[in-house]
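The structure under discussion appears below in the form of structure tokens.
Where a number appears in this text, it was derived from the coordinates with a stated rule and is not lab data. All of these numbers come straight from a predicted model, not from anything done at the bench. With ideal geometry, Cβ positions are generated from the backbone for all residues, glycine too; neighbour counts draw on all protein chains shown.
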Amino acid sequence: MPPAVRQPMFEGTFSITRTLLRAVGGMALALGLIFVPLSPAFSGQIIIIDTNLGATDVYGNGSPPNGSGPPTADTATDNAVNVLSGGAVGGNVYGGYAESYSGAATATGNSAAISGGTVSGSVYGGEAASYSGAATATGNSVTVGGGTVNGDIYGGYTHSDLGAATATGNSV
């Protein structure tokens, strides 16, 4: 299967005010309609969640993992997910997520804020994963001011099978 290619469908704030099966900055799957983003690098996307999304993960930059990863470098910069009162995420929340199969993955300046609602999984300010290149998470953050997080909380998280994995300057 060829890797996914993504492109933003809009810029700015994406507010979810009704139940969606999957919601990511620049992509939404709801009522059988699929909007596919087509660019490998997203920045400045914001998702606000104030309703129950069911059992799903939420990615602030519209870059969910696709099983094989983009073939070259991937970057997630300055994206955000905010879970408000009444919001419920049945999976994990990623402020920004970068994944690469053969190059570097970098997550920088992404954030997740939980001020109410419930996250059943873990919360990541920014995550970078690369199968054969370097993975770097820098300056990502998570803020919890209310609500419930049932999993772990990571300001920045990295993983690389063959390259260096570095997380610096991240905060919770």
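When you scan segment 87-107, how many residues do you find that are under 17 Å from Val142 (Cβ atoms), within 12 Å of the chain's Cα centre (by Cα) and in a strand (DSSP E or B)?
Initially, segment 87-107 is screened for residues under 17 Å from Val142 (Cβ atoms), giving 87, 89, 91-98, 107.
Retained after the next criterion (residues that are within 12 Å of the chain's Cα centre (by Cα)): 91-98, 107.
Then keep just the ones that are in a strand (DSSP E or B); that gives 93-94, 97-98, 107.
Number of matching residues: 5.
Filter segment 123-138 down to the residues that are without any contact (Cβ under 8 Å) to a residue 40 or more places away in the chain and small (Gly, Ala, Ser), then identify the one that is surrounded by the fewest Cβ atoms within 10 Å (Cβ to Cβ).
Ser132
Among the residues of segment 153-168, what is the count of those that are touching a Phe, Trp or Tyr at 6+ places or on another chain (Cβ under 6 Å) and surrounded by 20 or more Cβ atoms within 10 Å (Cβ to Cβ)? Talk me through it step by step, then tell me what you get.
Taking segment 153-168 first, the residues touching a Phe, Trp or Tyr at 6+ places or on another chain (Cβ under 6 Å) are 154, 157, 161.
Restricting the remaining residues to those that are surrounded by 20 or more Cβ atoms within 10 Å (Cβ to Cβ) gives 154, 157.
Residues meeting the conditions: 2.
Give segment 139-152 a look and list any residue that's in contact (Cβ under 8 Å) with a residue 40 or more places away in the chain and surrounded by 14 or more Cβ atoms within 10 Å (Cβ to Cβ), or say none.
To start, the set of residues in segment 139-152 that are in contact (Cβ under 8 Å) with a residue 40 or more places away in the chain comprises 140-142, 146-147, 151.
Of everything in segment 139-152, those that are in contact (Cβ under 8 Å) with a residue 40 or more places away in the chain and surrounded by 14 or more Cβ atoms within 10 Å (Cβ to Cβ) turn out to be Asn140, Ser141, Val142, Gly147, Gly151.
Restricting to segment 108-140, give me the number of residues that are under 11 Å from His159 (Cα atoms) and in a strand (DSSP E or B).
Applying the first criterion (under 11 Å from His159 (Cα atoms)) to segment 108-140 yields 127-137.
Among the residues that remain, those that are also in a strand (DSSP E or B) are: 127-130, 135-137.
Qualifying residue count for the region: 7.
Just give me the residues in segment 77-86 being under 14 Å from the mean Cα position of the chain (by Cα) and farther than 27 Å from Ser132 by Cβ, in sequence order. Show your work before the answer.
First pass over segment 77-86, keeping only residues under 14 Å from the mean Cα position of the chain (by Cα): 77-83.
Across segment 77-86, the qualifying residues are Ala80, Val81, Asn82, Val83.
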